[in-house]
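The values are calculated or read from the model by the stated rules, or taken from the named source; none is laboratory data. The structure displayed is predicted, hence computed values, not measured ones. A quick note on method: Cβ atoms are made from the backbone with ideal geometry, for glycine too, and the neighbour counts reach across all protein chains shown.
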Amino acid sequence: MTPDRRYTDDEVAEILDRATETHTGSSLGAPSATGMTLAELQDIGGEVGIPKDAIARAAASLDRPLPDAAAHRTFLGTTVGVGRSVELPRPLTADEWNRLVVDLRMTFDAKGKIRQEGAFRQWTNGNLQALLEPTATGERLRLRTVKGSAMPGMGVGGAMMAGAAIGGVIAFFTGTAAAAVDLSMLAATGAVLFGFARIPLPNWARRREQQMEDVIERLRAGVEVEDEREG
């Protein structure tokens, strides 16, 4: 978020809405034809009692990369897929795309593969994907990944624990207590497999989300610097 950035009508309404936590729309002031800066927004908010820091936080939240709902995946109640997306004001140049690929390779420590089909560009490394697609005003970058290795371990472990539980019920009603030891070992093995796959997932998801947000912020900063240089 740069101090001289100018926000559109829709962005102004959203910032004021977030700052007041009510649906104020644009009633606190009409944006100019060229948009409004953060300082101008803070002046308008100050006239009706909205603190400047509340406006600043709302504006900053508007610039944060959005979670990609299509990339969010869960398995047995646990997040195994995450994503972030961002709208870019214009298409990336070839040099900017190349720098983005370099950043992706360094951030995720993966070489990956580059592919282009018409206006669509992508970088992929297994389940990790960076997709650049055209929009009406520029381009949209989608970053997404899935922890595919976690699902088999959780699935097998969960099945073993469920099987042991069912076997225990059957043994109880049939009086075959001798099977209890085997069923206990089956349940314990299943719990170990499930836990080994499940426990690291929250940290993995947070780390991947932060890496994606960092990549997007560096890209957006680079685009702003390039636009200022050309302007």
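Could you tell me which of the residues Arg99, Arg90, Arg142, Arg115 is surrounded by fewer than 17 Cβ atoms within 10 Å (Cβ to Cβ) and touching a strand residue (DSSP E or B) at 6+ places or on another chain (Cβ under 7 Å)? Just a single option satisfies the conditions, and that option is Arg115. The single condition from (1) of a type outside the set (A, V, I, L, M); (2) surrounded by fewer than 14 Cβ atoms within 10 Å (Cβ to Cβ); (3) touching an Asp or Glu at 6+ places or on another chain (Cβ under 8 Å) that Ser85 fails is (2). For the range 133-167, filtering for residues that are in contact with a Phe, Trp or Tyr (Cβ under 7 Å, 6 or more places away or on another chain) and outside any helix (DSSP H, G or I) leaves 2.
Rundown of residues vs (1) among the acidic types (Asp, Glu); (2) more than 18 Å from the chain's Cα centre (by Cα), yes/no style:
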site	(1), (2)
Gln129	no, no
Gly158	no, yes
Gly163	no, yes
Leu193	no, yes
Phe196	no, yes
Pro202	no, no
Arg206	no, no
Gln210	no, no
Asp227	yes, yes
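Can Thr34 be described as among the hydroxyl-bearing types (Ser, Thr, Tyr), within 24 Å of Glu87 (Cβ to Cβ) and at pLDDT below 75? Taking the combined requirement at face value, the residue satisfies it. Of Thr145, Thr107, which residue is of a type in the set (S, T, N, Q) and either over 13 Å from Ile216 (Cα atoms) or not assigned by TED's automatic domain parsing to the domain that holds Thr74 (or both)? Going through Thr145, Thr107 in turn, the sole match is Thr145. Criterion applied to Gly29, Gly49 was being in a loop (DSSP other than H, G, I, E, B), over 30 Å from Phe120 (Cα atoms) and modelled with pLDDT of 75 or more, and the one residue passing it is Gly49.
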